[in-house]
Amino acid sequence: MKIALAQINPTVGNFTGNAARILDFTRRAKDAGAELVLFPELSVCGYPPRDLVEKTSFVAHNREVVEQLARETRGIDVICGFVTPAQADTGKSVMNSAALLRDGKVEFVQSKRLLPTYDVFDEARNFAPASRQSLFAERGAQIALTICEDAWNDKTFWNRRLYRVDPVEELISSGGQIVLNISASPFYVGKPEFRREMLAAIARRHQVPVAMVNQVGGNDSLVFDGSSLVLAPDGRVIAQAKSFEEDLIVFDSASLTGDIHEQVMGDEAQAYAALVLGTRDYVRKCGFRKAIIGLSGGIDSALTAAIAVDALGAENVIGVGMPSMYSSGGSVNDAQVLASNLGIRFEVVQIKEIFDSFRSGLAKVFEGLREDVTEENIQARIRGVILMSLSNKFGALVLTTGNKSELGVGYCTLYGDMVGGLAVISDVMKTMVYRISYYVNQRAGREIIPESSLTKPPSAELRPDQKDSDSLPPYEILDPILEDYVEEMKSAEDIARDRGFDLELVRSVARMVNRNEYKRQQAAPGIKISEKAFGVGRRFPIAACFEV
């Protein structure tokens, strides 16, 4: 039989828009000769719906849309994800389910059995697990239908399994001849390749075709890369959808042939595509069209601006230079050159007079005290106020420009450079910022980010001749420490031993990470592109004291 994978970009709660997408892709699948079309996990209501599923009106509307879709999709069978009521004795009101729509009605419902609670997932908070799952028949074949995590527990692939049961194994043991998986599997760098290897292991172990349709798009901090695929029983990829955009592919389960579309390859290219998609969807799904970015002439704001232009269009991005007496002429020029290269509107607002008025107003209170980081932070906060004023005036979302290295150790100012609605590169280490920036220029075939922004020493320019290296270890040392401590949860002793770094240096970085938890929990949401980002997937107490 011919089966289509419809890789769509749903918006959480937008039942009308999501249903329209499902109908459109169903028509396209039918025109392509498909007899069955699959849509992603919770595609009717959008993923992740979080506590919206506790609203009875939300659940009822979701069911009405599924029944409407069933009536309007005759002539082709459809599988889509939605929310269903749970059994009363489970303690939860709903389940994460998949519906088979056939001949104008909901013919079959399968509910998710494995509910992840690690990293960004908290499904056990909202959903009850299915107690059992069943096969369904499609054109004479017995189909094993699974939902995302149900396929992530193969005992031959994982060294440590999170669940006692393996839904795929049980369904295949019951006579399943093909595995269909509907997913909302978030992206991080390296995830598409890992996901393919994991699914290939299932195909080889059970000697059956495996097809997975994945959501695409950005929802809050999460980016879904799509990259839907089909694997033959020997693990070969026989069909593949595009990454980071909506797509439709069709495969033949008998001949094991299908559409193979181009992928985004390489860490820098995947990271950039994810950041662009995440920015576009966050801005637009939150009801904005334009974005404002403070341009300092440095590498972080330059990369953020390049991402914003690719996400929203140059006509929808406003760059703002806010030089002070400490800003070098080169930095001001770099910001102007960047804005010209990107073709964006560029405004300059001098902050010296505003800063002088602050110092004058505080002079009596500060009498006898030397200038220190207080005055540096005042400059950052003046810039934050200016950006938010422009945001209010022009109805544009402010994009913050801090990177993961800075956020990790607190090298940022609350209510200053942290001000904004979306922290675009807050999950990108400084060394990766440079790598992606070089990729931006290479991809464009011309200079987008000025060479001087790429080569000059990083500086906040809040005091004379300031350099990041005055306060922090070189990023080539800081970033590996942060990766090990934040993403791998290693101890300072293990990091020092494994990396060959000075133990006291590692401990000092770890203390900075611990001390600045209060800042990170007040930061704007960021776009997750690593295995462990600051945000909902990393839950540490603020008022805590523990040894590093």
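Scanning segment 148-174 for residues that are more than 15 Å from Arg204 (Cα to Cα), crowded, with 21+ Cβ neighbours inside 10 Å and either touching a strand residue (DSSP E or B) at 6+ places or on another chain (Cβ under 6 Å) or at pLDDT below 95 (or both) returns Cys148, Pro167, Leu171. For the residues Leu362, Leu338, the requirement of being farther than 25 Å from Ala523 by Cα, at pLDDT 95 or above and more than 29 Å from the chain's Cα centre (by Cα) singles out Leu362.
Would it be correct to say that Arg520 is surrounded by 18 or more Cβ atoms within 10 Å (Cβ to Cβ) and under 15 Å from Asp427 (Cα atoms)? In short, yes.
In segment 22-77, the residue that is nearest to Leu100 (Cα to Cα) out of those that are surrounded by fewer than 19 Cβ atoms within 10 Å (Cβ to Cβ) and among the polar types (S, T, N, Q) is Gln68. Just so you know, in segment 436-462 the residues that are crowded, with 16+ Cβ neighbours inside 10 Å, within 26 Å of Glu376 (Cβ to Cβ) and not aliphatic (A, V, I, L, M) include one that is nearest to the chain's Cα centre (by Cα), and it is Ser437. Criterion applied to Val189, Val223 was being under 30 Å from Tyr282 (Cβ atoms), at pLDDT 95 or above, among the β-branched types (Val, Ile, Thr) and part of a loop (DSSP other than H, G, I, E, B), and the one residue passing it is Val189. Going residue by residue through segment 435-455, is there one that turns out to be in contact with a helix residue (DSSP H, G or I) (Cβ under 8 Å, 6 or more places away or on another chain), within 20 Å of Gly537 (Cβ to Cβ), touching a residue at least 60 places away in the same chain (Cβ under 8 Å) and among the hydrophobic types (A, V, I, L, M, F, W, C)? No, segment 435-455 has no match at all.
Scanning segment 192-210 for residues being surrounded by 19 or more Cβ atoms within 10 Å (Cβ to Cβ) and under 30 Å from Val283 (Cα atoms) gives a total of 2.
Set side by side, the residues Glu245, Glu262 differ, and just one is at pLDDT 95 or above, closer than 25 Å to Ser228 by Cα and part of a loop (DSSP other than H, G, I, E, B), which is Glu245. Checking every residue in segment 315-333 against the condition of being closer than 20 Å to Ser243 by Cα and either in contact with a Pro (Cβ under 6 Å, 6 or more places away or on another chain) or assigned by TED's automatic domain parsing to the domain that holds Phe358 (or both) gives zero matches.
In segment 211-263, the residue that is surrounded by the most Cβ atoms within 10 Å (Cβ to Cβ) out of those that are touching a helix residue (DSSP H, G or I) at 6+ places or on another chain (Cβ under 9 Å) and of a type in the set (D, E, K, R) is Asp225.
Condition check ((1) part of a helix (DSSP H, G or I); (2) within 19 Å of the chain's Cα centre (by Cα)) across all residues:
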| position | (1), (2) |
| --- | --- |
| Ala239 | no, no |
| Glu268 | yes, yes |
| Ala274 | yes, yes |
| Leu277 | yes, yes |
| Tyr282 | yes, yes |
| Ile293 | no, no |
| Gly297 | no, no |
| Gly330 | yes, no |
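Tell me which residues, restricted to segment 533-548, are in a loop (DSSP other than H, G, I, E, B) and either under 19 Å from the mean Cα position of the chain (by Cα) or of a type in the set (S, T, N, Q) (or both). Selection gives Ala533, Phe534, Val536, Gly537, Arg539. Counting only helices (runs of 4 or more DSSP H) that fall entirely inside segment 350-446 and contain at least 1 residues that are in contact with a strand residue (DSSP E or B) (Cβ under 9 Å, 6 or more places away or on another chain) and either farther than 21 Å from Leu482 by Cα or small (Gly, Ala, Ser) (or both), the qualifying elements are 373-394. Screening segment 348-380 for residues that are touching a Gly at 6+ places or on another chain (Cβ under 7 Å) and closer than 29 Å to Ala314 by Cβ and picking the one that is surrounded by the fewest Cβ atoms within 10 Å (Cβ to Cβ) gives Val348.
Only one of these is within 23 Å of Ala274 (Cβ to Cβ) and in a loop (DSSP other than H, G, I, E, B): Ser459, Ser530. Name it.
Numbers: Ser459 fails: within 23 Å of Ala274 (Cβ to Cβ).
Checking each option against the conditions leaves just Ser530.
Taken over segment 86-118, the criterion of being within 25 Å of the chain's Cα centre (by Cα) and either more than 14 Å from Ser134 (Cβ to Cβ) or among the aliphatic types (A, V, I, L, M) (or both) is satisfied by Met95, Asn96, Ala98, Leu114, Leu115, Pro116, Thr117, Tyr118. Restricting Val513, Val506 to residues that are farther than 22 Å from Gly416 by Cα and surrounded by 16 or more Cβ atoms within 10 Å (Cβ to Cβ) narrows the list to Val506.
Taking first residues from segment 148-167 that are within 24 Å of Val216 (Cβ to Cβ) and touching a residue at least 60 places away in the same chain (Cβ under 8 Å) and partners that are in a loop (DSSP other than H, G, I, E, B) and among the polar types (S, T, N, Q), the Cβ contacts under 9 Å between residues at least 6 apart in sequence or on separate chains come to Cys148/Ser185. Checking segment 279-289 against the condition returns a match, with at least one residue being within 19 Å of Arg435 (Cβ to Cβ) and in contact (Cβ under 8 Å) with a residue 40 or more places away in the chain.
The values are calculated or read from the model by the stated rules, or taken from the named source; none is laboratory data. Keep in mind that what you see is a predicted model, and the values were worked out from it rather than measured. Cβ sites come from the backbone with ideal geometry, for glycine too, and all protein chains shown count toward neighbours.
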